[in-house]
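What follows is a short report on a single structure.
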Amino acid sequence: MKPVLRRLKFRRFSTVQLLIALGLFFIWAPFVEEIKGGDLIISGLFSLVLLAGVLAVAERKRVLVIALVLAIPAVGGRWINHFRPDLVPPAVFLVGGLILIIFVVGHLLRFILRAPSVTTEVLCASISAYLMLGLMWTLAYWLVDQLTPGGAFSFNTNSGTRSMNGFTGFYFSFITLSTVGYGGLLYVAVLIARLVSLYSSPKSDDS
């Protein structure tokens, strides 16, 4: 009984809450980007997603500690950069965010592949992992844009020259992920096959 209680103690956030946090971030970020104080809102939503990811995979104390250590440069760097951009460059929290997201996605996929049956948690973990892959590539776009001041992704539009910052990074990341890039379709195909396999597998009498 004690190992079970100890295990439940660190699972304070479920993948359902992580999916909700991701939904809030992706829905609101494009709309608040241009308004006054929009950066503050985006910073808050970004921090919420990362912390929700940390707690969603914290089924063991060791995993929680590692995730929190990885979250410090990502979340802390984002807020310090927001108020004091001269102290922490954007590359710091972008690299930290990328490492943390890779860690969270890895644990979500491990949870999905080891799940004995299809549940709400498994479904939400599957969707969350896919969305976090899109967020990961968005941060990668932003990072490359920051590391190349000349504008590696600069392009001309009717409204002038644009970069890969902000919503543009979101757009190209998910457009590519949802078509043939980054193995997005392969992820969906393998994921659906796994979920169908779990759903159709015969249940034991004990379950």
- Note on the structure: Scanning the stretch 69-112 residue by residue, the ones that are over 15 Å from the mean Cα position of the chain (by Cα) and under 16 Å from residue 56 (Cα atoms) total 4
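Which ones in the stretch 29-51 are closer than 15 Å to residue 99 by Cα and open to solvent by less than 40 Å² (accessible area, probe 1.4 Å)?
46, 47, 49, 50
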- Query: Can you name the condition, by its number, that residue 40 falls short on among (1) over 14 Å from residue 128 (Cβ atoms); (2) without any contact (Cβ under 8 Å) to a residue 40 or more places away in the chain; (3) outside any loop (DSSP other than H, G, I, E, B)?
  - Reply: (2)
- Task: Please tell me if residue 106 is surrounded by fewer than 19 Cβ atoms within 10 Å (Cβ to Cβ) and out of contact with any strand residue (DSSP E or B) (no Cβ under 9 Å at 6 or more places or on another chain).
- Result: yes
- What number of residues in the stretch 53-83 are part of a loop (DSSP other than H, G, I, E, B) and open to solvent by 60 Å² or more (accessible area, probe 1.4 Å)? 1
- Task: Just give me the residues in the stretch 114-143 being at pLDDT 85 or above, more than 12 Å from the chain's Cα centre (by Cα), of a type in the set (A, V, I, L, M) and open to solvent by 30 Å² or more (accessible area, probe 1.4 Å), in sequence order.
- Result: 123
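The values are calculated or read from the model by the stated rules, or taken from the named source; none is laboratory data. Bear in mind that the values here come from a model prediction, so they are computed numbers and not experimental data. As a convention, Cβ positions derive from the backbone with ideal geometry for all residues, glycine included, and neighbour counts pool all protein chains shown. We work out accessible area using only protein heavy atoms, side chains counted, and drop any ligands, DNA or RNA first. Shrake-Rupley method; radii C 1.70, N 1.55, O 1.52, S 1.80 Å.
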